[in-house]
1. Return the whole-Å distance between the Cα centroid of the range 1-40 and the Cα centroid of the range 42-97.
2. Count the net charge of all other residues whose Cβ sits under 14 Å from the Cβ of Tyr8, scoring Lys and Arg as +1 and Asp and Glu as -1.
3. Would you look at the GNM of the chain, springs on alpha carbons closer than 10 Å, and say which of Asp79, Asp21, Asp67 moves the most?
4. Take each complete run of DSSP H in the chain, measure how far its Cα atoms stretch along the helix's own axis, and keep only those covering 18 Å or more with mean Kyte-Doolittle hydropathy at least -0.5; list them.
5. To the nearest 500 deg cm²/dmol, what mean residue ellipticity at 222 nm is calculated for the chain from DSSP H runs of n ≥ 4 alone, each contributing -39,500 (n - 2.57), summed and divided by the residues?
6. What is the magnitude of the charge dipole of the chain about its Cα centre, with +1 placed on the Cβ of each Lys and Arg, -1 on the Cβ of each Asp and Glu, and no other charges, expressed in debye to the nearest 20?
7. Please work out the ratio of the alpha-carbon Rg of the chain to 2.2 N^0.38 Å and round it to two decimals.
8. Restricting to the chain, what percent of DSSP beta bridges are antiparallel, rounded to 5?
Amino acid sequence: MNAIEDYYMATGGNFWLVVTDDGMVVGTIGLLVKERVGVLKKFFVHQDFRGREKGVSALLYQALVTDCQAKGMTAIVLDTPSKCYAAHRFYEKQGFKQIKKRTAHSL
């Protein structure tokens, strides 16, 4: 995990994990910094730990937001696949707005 953390920290960002008592990683979120904009990356929560009652997503997201505020970020951006409906709902509840859609082309 050190290489992953180093990758994010090299930009002034950070990387967080939620780990169970028995050592299972059940959630991750990364922050890259580009100028004064935080780029949310690698936000994953294990299927068995999703949902409001578990609180893993909220815990990770709040850690990222708190870090962005402490670093004086002016915005947080992210991209997510169009079929990730649950993720879209989570982000909308956090106040994100969808902007320009882009299409990736295969080579």
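Bear in mind that the values in this text are calculations on the coordinates, not laboratory data. Just so it is clear, the structure is predicted and the values come from calculations on it, not from any experiment. No Cβ is skipped: glycine too gets one built from the backbone with ideal geometry, and neighbour counts run over all protein chains shown.
1. Computed from Cα coordinates, the inter-centre distance equals 13 Å.
2. Taking every Cβ under 14 Å from that of Tyr8, the sum is +1.
3. Asp21
4. Membrane-span-like by this criterion, though nothing is claimed about a membrane: 56-70.
5. That calculation yields -9000 deg cm²/dmol at 222 nm.
6. That gives a dipole near 720 debye.
7. That ratio works out to 1.11.
8. Close to 80 percent.
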